[in-house]
1. What 222 nm value per residue comes from the helices of the chain, counting each DSSP H run with n ≥ 4 as -39,500 (n - 2.57) and dividing by all residues, nearest 500 deg cm²/dmol?
2. Using +1 on the beta carbon of Lys and Arg, -1 on that of Asp and Glu, and nothing else charged, what's the dipole of region 467-641 about the Cα centre, debye to 20?
3. Restricting the count to DSSP beta bridges whose residues both fall in region 272-412, what percent are antiparallel, rounded to a multiple of 5?
4. Where in region 146-170 is the amide nitrogen less than 11 Å from a point lying 7 Å along the Cα-to-Cβ axis of D249?
5. Based on Cβ point charges of +1 for Lys and Arg and -1 for Asp and Glu, what charge dipole magnitude is obtained for region 5-264 about its Cα centre, in debye rounded to the nearest 20?
6. Obtain the nm distance between the two label points defined at D431 and R53 by a simple spin-label model: each point lies 7 Å from its Cα along the Cα-to-C-beta direction.
7. Place +1 on the Cβ of every Lys and Arg and -1 on the Cβ of every Asp and Glu in the chain, take the dipole about the Cα centre, and give the residue among T38, G89, N618 whose Cα lies farthest towards its positive end.
8. Could you grab the relative contact order for the chain? Cα pairs under 8 Å, six or more apart, rounded to a whole percent.
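Just so you know, all these numbers are worked out from the coordinates, no wet-lab data involved. Predicted model only: the values in this text are computed from it and were never measured. FYI the Cβ positions are ideal-geometry reconstructions off the backbone, even for glycines, and counts take in every protein chain you see.
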Amino acid sequence: MGYTIAQKIIKSHLVSGEMKVGEEIGLRIDQTLTQDATGTMAYLQLEAMGTERVKTELSVAYIDHNTLQAGFENADDHRYIQTVTKRHGIRFSRPGNGICHQVHLERFAIPGKTLIGSDSHTPTAGGIGMLAMGAGGLDVAVAMGGGTYYITMPKMIKINLTGKLSDFVSAKDVILEVLRLLSVKGGVGAIVEYAGEGVKSLSVPERATITNMGAELGATTSIFPSDETTKAFLEAEGRGECFIPLASDPDAVYDAEYTVDLSTLSPLAACPHSPDNIKSVDELRGMKINQVCIGSCTNSSLRDLLTVAKMLKGKTVHPDVSLSISPGSKQVYTMLAECGALADLIGAGARILECACGPCIGMGFSPESAGVSLRTFNRNFLARSGTKDANVYLVSPEVAAASAIAGVFADPRELGEAPKITLPEKFLVNDNMIELPASEAEAPEVEVVRGPNIKPIPKGKAPDEKLSAKIILKVEDNITTDHIMPAGTKILPYRSNVPKLSEFCFTVCDPAFPERAKAEGGGIILGGQNYGQGSSREHAALVPLYLGIRAVIAKSFARIHVANLINFGIVPFTLADPDDYEKLSEGDFTTIENFKEAIASLDTVTIKSEGGAEVKLNLSLTERQRKILLAGGLLNYTKENSN
């Protein structure tokens, strides 16, 4: 039996375990990336482990999230990251150099290598044939220290692409169609691999758009073959020597297969407030809009923005619409300026933002009250834009540009002939905004600068024999990490200050939660299906830990979040019978008599409430995960096992 692309990379990087679906495997990691909203904690953890020099082939720290410097906090964090990376052997991508995933795709991603990043959209690099996965910051810190990265061996899903995209239909519509087919839960426990003749018609940036939003499927990652298109992209970036051909074997076996005929697709949109709430643009045509945002790690490549520039040239953005454009990297920005496309964008009335995540994570450019915002981004969760009553739609750059001109939801196919985009054979390469670390000899002399907003990492503790606690919050299905730990201009600056950050925990769901958690001295959270979907932010585990949360009970968990809970010593139970969710209520005082024993060796345990309810809980843990929880978290476990 042959291997899939992902299985080939896993096999060549396997450190422990067997490649059997559902079994825990350990992987050697070649590259890591962090961004500033998660990076501060990752580097504090790296220091806490006593790592002097990273042991990966390449590690890069990017500044792209917290770039709005309305106070000292973000700038202080940037200086800390700049100095700590210089000391420990990590490259530093300065503010303004671009969004981590776009820059990494351009300058560092390599087919056949492994990459983990403290950002859930790290699978963007799967567009170049890399096994790239989002992870919690602590897992990234361990990998930088030379440690193994553990995952559950995923299933393999194959998406056969046939045909070719029609004019004004783009890669964004491909992944929206896949989300329509599979939903935000359809990729859980799986790697999604793209194949078929249709792949050849897609450029690397288009492939990266598709793998980027594979995160919204809940997939471990997504990946494309490495082929002649990949080779041409790497050569255009001056990195042709990094190319290797990579394809699945003809007799590779998949757990599920789907086919998407590119030629039949039409422009699509993800409607509020979920990336899988898909409608055709035809169904939405004529709806009045207030704002359009083009950019993010999903759709800010040179190809995307050249298309938008050609569509906007000689036109003016509708007076009722505010249009922002965020180039994905300095490389893209500079090339837009050199060819005149930037002038076309400015001339049409677009507001050019810096090369950063910006509006995608609520860092400025929030919609007006109850506004309709069309965004080329990857997530439209409630309140993520910074405006709680806004309605955010996810669309392609083509739909965004057409609608910005019309002032209403518009189908770009009505504009006539689509612009023809020819990418240059050579991209403009200038890595002057990527700082190299100090040499090993010079590193001890580097001073690591810490601002007053950087507070110590909360530490987990070993479990008690018995757990007696209230269910202090009950939430529904598909709770995201944006619900648990919101982003935005007011909150992101405190990502390195967990005590302050705790004031915002779960306030999207219940404004009184932080004070109640403090008053109760912690407790248990009860959730529905797919609890913790979305961002990889480990703050969604760190902050509940700080507030005294000892366990989370849910119908099911998202992959990265359950790993983060375990990493910080919070026990993730699943309901043996999902219908038992109704038997437990917020405010119930509950007891698990054999709490520590369950963590150590049991697969099933009973939780009892004072009201008389008895509910069976499953605890599906590997032996390694049990040891981590018994130690009070991965940091304690790593320190105990490094002596």
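1. Details: 21 runs with 184 residues, N = 643.
Helix-only estimate at 222 nm: -8000 deg cm²/dmol.
2. Values: 19 positive and 21 negative charges, 151 e Å.
Using only the charged Cβ atoms, the result is roughly 720 debye.
3. On the way: 1 of 14 bridges.
Around 5 percent antiparallel, to the nearest 5.
4. none
5. Details: 23 positive and 32 negative charges, 94 e Å.
Dipole about the Cα centre, nearest 20: 460 debye.
6. Inter-label distance under the simple model: 1.9 nm.
7. Looking along the dipole axis, the top candidate is G89.
8. On the way: 1634 pairs, mean separation 92.7, N = 643.
Relative contact order of the chain: 14 percent.
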